[in-house]
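Structure first, commentary second.
The values are calculated or read from the model by the stated rules, or taken from the named source; none is laboratory data. Computed from a predicted structure; not experimentally measured. Cβ sites come from the backbone with ideal geometry, for glycine too, and all protein chains shown count toward neighbours. Please note that ligands, DNA and RNA were not included when accessible areas were found on the heavy atoms of the full protein model with its side chains. Shrake-Rupley method; radii C 1.70, N 1.55, O 1.52, S 1.80 Å.
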Amino acid sequence: MSKPVKIFLPVFLLFLIITAWSNISTAQELQLREICYLDYRTDFASLLEKNKDSLFPSSSTIGAVHFYRGLSYLEQSMFLEAIKDFRIARTDSSVSRTFCNFYIGVAFMRLNESDSILKICSEALKIPVSQLKNPAFWQNAPITQDHIFSGYLIGTNEALNNLTDTNLIEACLNFGTKDRDFLEAYINFGVWNFQNGKFNKTIDLYKHALELKPAYDSTIILCMGYVYRLAGDPDQSMKAYILLKSKYPRFAEGYNNRGCLYAYIENDKKAISTLTVAIRKDPSLLDALCNRGLVYLKMKKYDQAFHDFSEAIQVDARFADAYYYRGFTRKAMGDITGSITDYSRAIELKK
């Protein structure tokens, strides 16, 4: 072996420093990859389902055809075409003008046209735009379907596209929940509170959303488990994941999150076994593979960790984090050259 050049510390001392640094690095609290679908909803599928009777046209008029074609355009993200159809449809007495205005507003929201949303809401409510932009108005606004839709559209659009007046967003999204059956209102107001660190309020809103029995309640339960943990209540978080397991035993994401929770409460053995179930149910679930690898890394079981990160790379060769985690593992195993290779690949993929 050739003699190293310019060694300023005794070799033994250098070894101790490297070893100590490695132990500190692998013992630190690693951020696990929990899965959560907390996001604003803009498809309003449950709204259509709830109002299908009132939306159903009393006759097969051309206006009714325009309305339903508008909905199809909306689902295809053909927003300008949808707006044209809804404008025609709302002149037909057999079609709900309220819903036409609402879906015109939805299309404008997807187009990020805030002024157009305010204009359509102003026309629907017959009040000036300046009044709609005043948070105080929404504290005592009449509770009509047009007001609910208008407040909700303005609040959701502002939260998605124009975060300038947080008081207006808060007032409008809160107003939307005055319709106790408006699922999207509870989901989106919950997301807003989550983004502002109000986890207990998010939980309350999502609890009500679950009572409305949405078709996608598995994702709501998953999110509740995650938010309960962030709120500092691991017991309720575990109960949410156990409920998820009982209702959706094949839902791999739930096992992934429950495995993370076990890791956070220092039960690494249960974390490994639960994450293994997640991987068995969905071998392509990269989060579960990486999480099990991270728990193994925390336990200093480097061979197992290396295997999991390599498996994740087999599933997706462009998964940058798997290279980073594997580089971390290689460094802990003493393979510095290999770690540099993996780190370099991770950097390349993250650019």
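Quick notes on this structure:
- Whole-percent carbon and sulfur share, accessible surface of the chain, 1.4 Å: 54 percent
- Among Ser246, Ser150, Ser96: highest mean-square fluctuation, GNM of the chain, C-alpha pairs under 10 Å: Ser246
- Using the Karplus relation 6.51 cos²θ - 1.76 cosθ + 1.60 with θ = phi - 60°, the per-residue 3J(HN,Hα) values for the stretch 326-336 come to 5, x, 4, 5, 4, 5, 5, 7, x, 8, 5 Hz, with x marking Gly and Pro.
- Taken about its Cα centre, the chain carries a charge dipole of roughly 900 debye when the Cβ of each Lys and Arg holds +1 and the Cβ of each Asp and Glu holds -1.
- Cα-based shape type of the stretch 267-312, given that a ≥ b ≥ c are square roots of the gyration tensor eigenvalues and the cut on a/c is 1.5: oblate
- Probe 1.4 Å, accessible area per residue of the chain, Å²: 51 Å²
- Cα long-axis angle, helix 97-110 against the chain (0 to 90 degrees, to the nearest 10): 30 degrees
- Rounded to the nearest 10 degrees, the inclination of helix 268-281 to the longest alpha-carbon principal axis of the chain is 60 degrees.
- Listed residues Leu275, Leu74, Tyr37: farthest to the positive end of the dipole of the chain (Cβ charges): Leu275
- Using just its DSSP H runs of length 4 or more, each adding -39500 (n - 2.57), the chain gives a mean residue ellipticity at 222 nm of -22000 deg cm²/dmol after division by all residues.
- Cα gyration tensor category, rounded, prolate or oblate, for the stretch 236-321 with a/c compared to 1.5: oblate
- Couplings for the stretch 124-140, taken from phi via the Karplus curve 6.51 cos²θ - 1.76 cosθ + 1.60 with θ = phi - 60°, read 5, 9, 6, 9, x, 4, 4, 6, 5, 8, 9, x, 5, 4, 6, 6, 10 Hz in order; Gly and Pro are left as x.
- Degrees, to the nearest 10: 286-298 long Cα axis against longest axis of the chain: 40 degrees
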